[in-house]
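Asks: Below is one structure. I have some questions about it.
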Amino acid sequence: MCKPVESPVATLVPRRTSAQPLAPHADPTAVAATVGDCELTYAELDRWSNRMARMLLSMGARPGTRVAIAGTPKLESIVARQAIAKTGATPVPYTTEITTARVDFGITVKDERDRLGDTAHWLVLDERSTLIQYLTGSDAPLSAAELQLTPLAS
């Protein structure tokens, strides 16, 4: 759970230009992101992104696939970018309908889902089934076997 903070200033984990996850931080209790009134430590970011990465892997994310992030709150976007990088897929910011044709998967929320195309499979973060899968999923580091056994998308 994120910890409330008193500063309204938002600081974010830097956007990655490569598919590599962030290097482990020397202090896992250090703050990785602050959004609004919520802080997320490096350890929490790692655990949260491990859960989401497993969900993406089960959808077929792997190196070479493109995953859009559309209309998600900032904190969830940070976790999503890290999760995508852990799968080896490439994060793609969603900007137009043209983007939809160029992505294999997407991460969004219910309020945004209706405006998005159907050419990509969307992980809707605030759907009940997604929340259950996320909350009951493992937050352990991804194993090499999990990454090598990534199913192909249909």
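Only the coordinates and a few stated rules stand behind these numbers; no lab work does. Everything numeric in this text was worked out from a predicted model, so none of it was measured. Positions of Cβ are generated from backbone atoms using ideal geometry, with glycine treated the same way; all protein chains shown enter the neighbour counts.
Asks: Could you put 59, 52 in order, starting from the residue whose Cβ has the fewest other Cβ atoms within 10 Å?
Replies: Least to most surrounded, the residues fall as 59, 52.
Asks: For residue 110 and residue 37 in one chain, what is 0.36 nm times their gap in residues minus the Cα-Cα distance, to one decimal in nm?
Replies: Answer, rounded to one decimal: 24.0 nm.
Asks: Given R₀ = 30 Å, what would the calculated FRET efficiency be for residue 148 paired with residue 47, taking r from the Cβ atoms and rounding to 0.05?
Replies: 0.85
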